[in-house]
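Here is the structure we will look at.
The values are calculated or read from the model by the stated rules, or taken from the named source; none is laboratory data. Every value quoted in this text rests on a predicted model; they were computed, and no experiment measured them. Cβ atoms come from the backbone with ideal geometry, glycine included; neighbour counts cover every protein chain shown.
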C-alpha cells in the first residue's frame, strides 16, 4: 500500500483548533439557548467596499462577452493589478518598487506556506514563539524538523516573545538561513519599530539570511513612526520577501487575493554556487502549481486603489480598529496586561491562569470564544487572543459580559 | 547565503515552453504584418455561460451586504457546490458519491501538482509518456527523481504511449505506488475504454497502488461506451482519486474552479502501519496551505448544474468539439495519422519529421502555432498537438492555410 508523508504524523496544531471547536460545540449542546460571541478566528464581518463590488460586476460582465472574455491569465497576476500595488502601496509611500516585483496570489496563507518550497531541504529555519502556525507546519510537512518535544519541534529555532521584549524578539546569536517575522503580529498584535526591524535586516546582512516578512495586517498601522513595509529599512531589498493580503485590508477573506513582494536584488544560491533571483524560482514554482487569481477578483482588488476604494478601505480598517480599542480599553480597565489592539486588530491578553482555563471561563461565564495563546506556541501559554474582526455591537456586548463575569 | 531547492536545477520543461514563445516572437518580429493563429495552448475563448454570469453577479451582491456577506469559507468548498457536483457528475450517472468526497479547489493544475505532497518521499511513481508536464515536474521539485538523462528523469517509471496502443498504455510489470493517468488525454486526445481502465484498476488492486486520474476533459466524451469517471470501474473507490475542472467544461480558465474526488475507501499507510483516509491527509494539507475558492466563483460553478447551465455548457463543449472535428478531418484528409479530436479537444498528429521541424513549417508557411509533441516526453517526438479551443472561424482559417501550405 502507498505510504503517507511520514512528517504529517508530527503535526500538532490541528488538534488544537479542533479542540476549540469541540469545546464550543459541547457547550452549545449543553446550553442550546445561549448566544455565543466568537472572537477567536480572525475573520472579517463587514461587506466588501462598494468600489470593489462595482469592479467585480464590471469584470463579470467582461467575462460574458467574447471580445472582453479572459481565459488563463499570467500566474503572477495581471499588470494592471501589479502596477496599482507597486504605485499605491510602495512608491507613493516613498518605497521604490517595480510592478514586476509584485507576485499576485490567492492568499497569504498560501504564499507564506508555499514559499519554503524554493529552498534547500537543509535550510536552517527560525520562527518567533508565539507564532502563526502555518510557518511552522509547512516546514514540518516538508520534513525540515524533528519530532514535537516539550511544546516545540526539534530542528527549528525559536525566538521568544515575552512581555519584557513587547513580543518583538531580538535576533539570535546563531546564523540562520530563513527567518519568519510578522508585524503587526498575529497573534500578539505587537508592531516592530523601525529600529527593531533594522536589527533583523542587519542580522540578515551579517549571516546572509532571508527574512520572510508577513505584513498581512499592515493596513491597521496608524502610527506614522512605525514601518509598514520591511522595505522601508535600508538593505532589506537584498534580504527580504514581503507578504501582503487584501483579506483584512479590504474584507477579502472570502474573495481571495494577496501578493508577495520579491525585490530583484533578492538572490538565492543555486546548487552550482551561482546565485539565482528569488523571483525566478518563485515563478517556476507558481507556473507549475498555480494558475493565477480569478480575473474578476483581480479587478475587485485593483478597485481598492481607486479614490473611493482607498476611502472605503480606510473606513473599514478604522471600524475594526475602533473595536480593538474597545477591547483593549475594557480588558486593561479590568486589570489585564494587553499587547496589540492599537495598530493591529488583535489583542493579546495575559491571564492569571493558563490559556485553556481562561478560555473555559470566558466560554462558560460570558459565552465569548477566544483563542488560547498556547495554540501559538509554548510562549503563548498563559495568554489569550481576542480578535477585533466583528460587528461593533457584538464587541460591546462581549465586553459587557466579560466585565459582568469578572465582577461576580 | 540561503540555498535554493537543488532539485529545481533538474527541471527542463520551462525551457521548452519559453522556446515556443521565443520562436513565435522572433517570427512576429521578422514578419510584423502577419496574422498568427495560436492553436498551441489549451485555453478557451468563448464567454462564460449566461447561467454562471447570473450566479456570479448574485453572489457578488451578497458580498455587498452585511447580512449575506461571506468571509472565510470551508477549505474543501461550500456544501452547496459539493452536493451539486456529487449529484450531477456522479449519482445521476449511476456512480455513487457523497458530497464529503468532493474537495473543491482553484484548479486541476494545483490539485494534480499538490497531491503528491501527502505521500512518502520514497514513493515509486509512474507516468505515461507523452505526459502533462505538471505530474512529472512536481515530483522533480519534491526530489523524488534523479537527473534528466536521454529525455527522461531517472527514478521515474514511464509507460510508453504509441500509435500501436492508441496512446493508452498497458500497466507495467513493476509494482508501483502512484500512477498518473489522464483520459481524455492531454496531449494525445486518446480516451481509455472501460476494459483498458479496468486493467489499471486490477493492477492497482494487485500492487496496492493509488491511481491519480485526471479527468479534466471528461465533458468532451460523447461516446456513451467510454467511461467518464474512473469510479465507473468496480474496485476503483479503493485505489483512485479523480481530478476534474470547470476550466474546459464551462470556460473557467480565467475564473478558476476545480475539484478532487477522494472516496472514503481510499486509504494510505501511515508511518505506524495503520491506514489513514486519503481525504483526511488532503484536508490537512489544504487547511494548512490553502484558503478555499472565492465565494462568487463557487456560486458560478454551482450554476453549471442548473437546467440552463447544463444546456449552455453542453453547447460550449459541442462548439469546441465541432472545431476538433474540422481539425481532425482536415489533417486526416491531408494524409496525417491523428489521435483524439473525437471525444477530446486535442488532436495529436504524426508528422513526417521531428516535432520542431513541423512546428517551424506551420509557423512559417501557415502562421499557425502548434505545440511540438516532444515537449510532452520522448515518446512525443515526431508528433504535434493542435488544440480545438479557438473560435470556429479561426480554426477554419488555420485549416485552409495548412492545406494551402502543404499543397505547394
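On the stretch given as the range A:117-157, residues that are within 18 Å of residue A:268 (Cβ to Cβ), in a helix (DSSP H, G or I) and facing chain B (nearest Cβ under 9 Å) total 3. Within the range B:368-394, how many residues turn out to be assigned to a loop (DSSP other than H, G, I, E, B) and buried (at least 21 other Cβ atoms within 10 Å of the Cβ)? The total comes to 5. Here are the criteria: (1) more than 7 Å from every other protein chain (Cβ to nearest Cβ); (2) in contact with a strand residue (DSSP E or B) (Cβ under 7 Å, 6 or more places away or on another chain); (3) surrounded by fewer than 17 Cβ atoms within 10 Å (Cβ to Cβ); (4) over 24 Å from residue B:134 (Cα atoms). Tell me which single one residue B:68 does not satisfy. Exception for residue B:68: condition (2).
Only one of A:293, A:261 is within 30 Å of residue A:63 (Cβ to Cβ) and at the interface with another protein chain (Cβ under 10 Å from one of its Cβ atoms). Can you tell me which?
Within the list A:293, A:261, the selection yields A:293.
Does residue B:340 count as touching a helix residue (DSSP H, G or I) at 6+ places or on another chain (Cβ under 6 Å), under 21 Å from residue B:248 (Cβ atoms), touching a residue at least 60 places away in the same chain (Cβ under 8 Å) and not assigned by TED's automatic domain parsing to the domain that holds residue B:253? Lay out the reasoning, then the answer.
Details: touching a helix residue (DSSP H, G or I) at 6+ places or on another chain (Cβ under 6 Å): no; under 21 Å from residue B:248 (Cβ atoms): yes; touching a residue at least 60 places away in the same chain (Cβ under 8 Å): yes; not assigned by TED's automatic domain parsing to the domain that holds residue B:253: yes.
Judged against the criteria, residue B:340 is not a match.
Give the residues of the range A:316-352 that are over 20 Å from the mean Cα position of the chain (by Cα) and part of a loop (DSSP other than H, G, I, E, B), sorted by residue number. Scanning the range A:316-352 gives A:334, A:335, A:336, A:337, A:351, A:352. Checked against the criterion of being over 25 Å from residue B:102 (Cα atoms), within 11 Å of chain A (Cβ to nearest Cβ), in contact (Cβ under 8 Å) with a residue 12 or more places away in the chain and within 22 Å of the chain's Cα centre (by Cα), the range B:31-41 has at least one qualifying residue. The number of residues in the range B:43-65 being within 7 Å of chain A (Cβ to nearest Cβ), surrounded by fewer than 21 Cβ atoms within 10 Å (Cβ to Cβ) and within 10 Å of residue A:47 (Cα to Cα) comes to 2.
The lone criterion from (1) part of a helix (DSSP H, G or I); (2) over 26 Å from residue B:165 (Cβ atoms); (3) more than 21 Å from the chain's Cα centre (by Cα) left unmet by residue B:276 is number (1). Selection of the range A:207-221 for residues being in contact with a helix residue (DSSP H, G or I) (Cβ under 6 Å, 6 or more places away or on another chain) and not in a strand (DSSP E or B) yields A:216, A:219, A:220. Exactly one residue out of B:8, B:15 is touching a residue at least 24 places away in the same chain (Cβ under 8 Å) and outside any loop (DSSP other than H, G, I, E, B), and it is B:8. Of all the residues in the range B:85-116, those that are in contact with a helix residue (DSSP H, G or I) (Cβ under 7 Å, 6 or more places away or on another chain) and within 7 Å of chain A (Cβ to nearest Cβ) number 4.
Does residue A:25 meet the test of being crowded, with 17+ Cβ neighbours inside 10 Å, more than 26 Å from residue B:116 (Cα to Cα) and more than 10 Å from chain B (Cβ to nearest Cβ)? The answer is no for residue A:25. The residues on offer are A:88, A:139, and the sole one that is outside the structural domain of residue A:373 (by TED's automatic domain parsing), surrounded by fewer than 20 Cβ atoms within 10 Å (Cβ to Cβ) and over 24 Å from residue A:349 (Cβ atoms) is A:88. Remark: pairs (first residue in the range A:392-405, touching a residue at least 12 places away in the same chain (Cβ under 8 Å); second residue surrounded by fewer than 17 Cβ atoms within 10 Å (Cβ to Cβ) and assigned to a helix (DSSP H, G or I); Cβ separation under 6 Å; 6+ apart in sequence or on different chains) = A:405/A:365. Taking the conditions (1) at the interface with another protein chain (Cβ under 8 Å from one of its Cβ atoms); (2) under 30 Å from residue B:239 (Cβ atoms) in turn, residue A:15 satisfies each one other than (1).
Within the range A:222-252, being within 30 Å of residue B:66 (Cβ to Cβ), outside any strand (DSSP E or B) and either touching a strand residue (DSSP E or B) at 6+ places or on another chain (Cβ under 9 Å) or away from chain B (no Cβ under 14 Å) (or both) holds for A:222, A:223, A:228, A:246, A:247, A:252.
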